[in-house]
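Q: Here it is: the structure, laid out below.
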Ligand code: DGL
């Protein structure tokens with residue numbers, strides 16, 4: 001069984017790609033909306049939450065864990081591997097490597113939560129891939145919450161996206177990296193402002209390929225179960241609105257919350 005977690009529905013952008021690659025796998029998706037948003041928390045807090053999410057997924061039978069959240073990956077991917085040795089983990093990182101290959105202006109815009117930019121993971125990405133590039137890091141406060149509220153297009157979404165995207169475009173970014181798993185839901189709004197000539201990079205497909213490579217015992221019943229902290233009815237409604245999927249949602253409590 002493959003366990004996937006995020007602070008909410010953002011990781012479903014990864015889930016969809018995992019499902020495309022592994023149609024027969026058994027998947028449990030944990031939407032930790034009770035602790036969302038992660039992006040405004042300290043890395044230490046997010047680390048403790050990520051450990052509790054992982055414990056929950058392993059308790060219900062997952063044998064591979066996908067951290068479908070850039071913030072949790074930045075805070076906790078290395079500590080999780082140390083805490084749960086033997087469990088294959090797949091995490092997210094802003095896709096700077098492909099962006100470096102695509103940019104013509106040499107200016108790349110990375111859109112993510114504030115916490116994602118604070119971790120060592122992002123610093124090491126800059127070390128590895130940003131030589132000779134200007135990387136504009138833009139924390140997009142409120143975007144994940146907006147997606148959780150089901151607002152992904154229209155006047156409010158356009159205004160909120162424009163607030164953080166326009167300064168990045170004004171500085172010459174010609175390639176945009178979606179460094180938060182909630183942001184692909186805003187892609188059409190982002191693209192409408194950025195214009196068709198600027199590539200927008202979502203690493204979900206590459207992450208799913210990695211899941212296929214490392215997953216041990218993915219199962220073969222093709223079942224997806226959604227577990228949610230917070231209000232399960234609300235989660236079911238938002239999952240259906242954003243993905244069109246009619247998935248049963250079960251309310252759960254994480255070990256850290258008693
Ligand atoms: N989806 C998450 C990420 O990739 C976190 C958003 C949030 O909870 O702030 O960063």
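Q: Kindly indicate which of 111, 77, 121, 96 is within 26 Å of residue 17 (Cα to Cα), within 16 Å of the ligand (Cβ to nearest atom) and modelled with pLDDT under 95.
A: Answer to the check: 121.
Q: Identify, from the list 153, 148, 160, the residue that is surrounded by fewer than 19 Cβ atoms within 10 Å (Cβ to Cβ) and either away from the ligand (no atom under 14 Å from the Cβ) or over 18 Å from residue 98 (Cα atoms) (or both).
A: 153
Q: Considering the stretch 102-128 alone, what residues qualify as being over 15 Å from the mean Cα position of the chain (by Cα) and part of a strand (DSSP E or B)?
A: Result: 107, 108, 109.
Q: To continue, here is another question. Looking at the stretch 129-139, is at least one residue assigned to a loop (DSSP other than H, G, I, E, B), under 28 Å from residue 198 (Cβ atoms) and in contact (Cβ under 8 Å) with a residue 40 or more places away in the chain?
A: Checked the stretch 129-139: no residue is assigned to a loop (DSSP other than H, G, I, E, B), under 28 Å from residue 198 (Cβ atoms) and in contact (Cβ under 8 Å) with a residue 40 or more places away in the chain.
Q: Considering (1) under 21 Å from residue 32 (Cα atoms); (2) buried (at least 20 other Cβ atoms within 10 Å of the Cβ); (3) out of contact with any helix residue (DSSP H, G or I) (no Cβ under 8 Å at 6 or more places or on another chain), say which one residue 113 fails and leave the rest.
A: Tallying (1) under 21 Å from residue 32 (Cα atoms); (2) buried (at least 20 other Cβ atoms within 10 Å of the Cβ); (3) out of contact with any helix residue (DSSP H, G or I) (no Cβ under 8 Å at 6 or more places or on another chain), residue 113 fails exactly one: (3).
Q: Here's a follow-up. So for the stretch 149-160 (the condition being under 17 Å from the mean Cα position of the chain (by Cα) and under 22 Å from residue 125 (Cα atoms)), does at least one residue qualify?
A: No.
Q: I'd like to know if the stretch 50-68 contains one or more residues that are over 29 Å from residue 218 (Cα atoms) and crowded, with 22+ Cβ neighbours inside 10 Å.
A: Within the stretch 50-68, not a single residue is over 29 Å from residue 218 (Cα atoms) and crowded, with 22+ Cβ neighbours inside 10 Å.
Q: Of the conditions (1) free of Cβ contacts under 8 Å to residues at least 40 places away in the same chain; (2) out of contact with any helix residue (DSSP H, G or I) (no Cβ under 8 Å at 6 or more places or on another chain), residue 221 satisfies every one except a single condition; which number is it?
A: All conditions pass for residue 221, except number (1).
Q: Looking at 9, 46, 28 in this structure, which one is under 23 Å from residue 256 (Cα atoms), surrounded by 24 or more Cβ atoms within 10 Å (Cβ to Cβ) and over 10 Å from the mean Cα position of the chain (by Cα)?
A: Exactly one of 9, 46, 28 is under 23 Å from residue 256 (Cα atoms), surrounded by 24 or more Cβ atoms within 10 Å (Cβ to Cβ) and over 10 Å from the mean Cα position of the chain (by Cα), namely 46.
Q: Now, a different point. For the subset of the stretch 178-211 comprising residues that are away from the ligand (no atom under 14 Å from the Cβ) and under 18 Å from residue 141 (Cβ atoms), which member is surrounded by the fewest Cβ atoms within 10 Å (Cβ to Cβ)?
A: Here the residue is 193.
Q: Name every residue in the stretch 16-55 that is over 23 Å from residue 83 (Cα atoms) and either away from the ligand (no atom under 12 Å from the Cβ) or without any contact (Cβ under 8 Å) to a residue 12 or more places away in the chain (or both), in order of residue number.
A: If the condition is that a residue be over 23 Å from residue 83 (Cα atoms) and either away from the ligand (no atom under 12 Å from the Cβ) or without any contact (Cβ under 8 Å) to a residue 12 or more places away in the chain (or both), then 16, 17, 18, 19, 20, 21, 22, 23, 24, 25, 26 are the ones that fit.
The values are calculated or read from the model by the stated rules, or taken from the named source; none is laboratory data. Predicted, not measured: the structure shown is a model, and the values here were computed from it. Note that we place each Cβ from the backbone using ideal geometry, even for glycine, and neighbour counts take in every protein chain shown.
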